[in-house]
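One structure is given here, and the rest of the page talks about it.
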Amino acid sequence: MTMPEGLERVLPEIAGRDPFDALVIRTDFGDDTSWTAVVGELRLPWGPDGEFPAHVRVVDAPAWSGATADEVLAAVDEDEYLSVVFVADRFTMESPTRGLLALSTVWEDEGDLDPVYYQELIESPEPREFRAAPAAVHGVHVNVTLGNLDFAEFAAAASAEPDQVLRPV
């Protein structure tokens, strides 16, 4: 969906998300069979022995169709407890791994940084996104939310994979 120039799309508010729920937003509506498989995988218990129940908030509303990463991030900006959001886009639906787009909701405003002291950060900013298989979503969400691992560590692990999609460890 393309908006006329000068107009911004207003996406619906996501109300009632528990801070412990991973947030997955569907933006591609071209393949319901793939989407059903993604949701099925997201609802499976996770952890080394499958000992943790899946806590996921799935947003499956046509108003999100074609939403870009920037639009999704703008729409979830007010959720102060959200560190990462997952997007089921066209790549997700067409990929055999069903890799969801993981987006960091935390970013540094580099415009306010003193270039003398923060040159390294300015030159190599934190990654904003990577792909994660549905089975990896819960581990990413929990660890980033709790601060056990940061987003950049998961992004680096994903980039080390041959297909650039993070899988559970």
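The values are calculated or read from the model by the stated rules, or taken from the named source; none is laboratory data. Owing to the predicted nature of the structure, the values given are computational and were not obtained by experimental measurement. For neighbour counting, all protein chains shown are included, and Cβ atoms are generated from backbone atoms with ideal geometry for every residue, glycine included.
Can you pull out the residues in region 69-84 that are surrounded by 15 or more Cβ atoms within 10 Å (Cβ to Cβ), out of contact with any Lys or Arg (no Cβ under 9 Å at 6 or more places or on another chain) and within 12 Å of ARG128 (Cβ to Cβ)?
Those that are surrounded by 15 or more Cβ atoms within 10 Å (Cβ to Cβ), out of contact with any Lys or Arg (no Cβ under 9 Å at 6 or more places or on another chain) and within 12 Å of ARG128 (Cβ to Cβ): VAL72, VAL84.
If you take the residues of region 1-50 that are in contact with a Pro (Cβ under 7 Å, 6 or more places away or on another chain) and either in a loop (DSSP other than H, G, I, E, B) or at pLDDT below 90 (or both), which of them is farthest from GLY99 (Cα to Cα)?
PRO45
Mind listing whichever residues of region 57-68 are crowded, with 19+ Cβ neighbours inside 10 Å and either in contact with a His (Cβ under 7 Å, 6 or more places away or on another chain) or not in a helix (DSSP H, G or I) (or both)?
Across region 57-68, the qualifying residues are VAL59, ALA67.
Has region 105-117 got at least one residue that is within 20 Å of GLY139 (Cβ to Cβ), touching a strand residue (DSSP E or B) at 6+ places or on another chain (Cβ under 7 Å) and modelled with pLDDT under 95?
yes
Tell me which residues, restricted to region 145-166, are surrounded by 12 or more Cβ atoms within 10 Å (Cβ to Cβ), part of a helix (DSSP H, G or I) and among the aliphatic types (A, V, I, L, M).
Listed by number, the residues that qualify are ALA152, ALA155, ALA156, ALA157, ALA158.
I'm trying to understand the selection: among the residues of region 85-101, which are surrounded by fewer than 21 Cβ atoms within 10 Å (Cβ to Cβ), in contact (Cβ under 8 Å) with a residue 12 or more places away in the chain and more than 11 Å from THR27 (Cβ to Cβ)?
The answer is GLU94, SER95, THR97.
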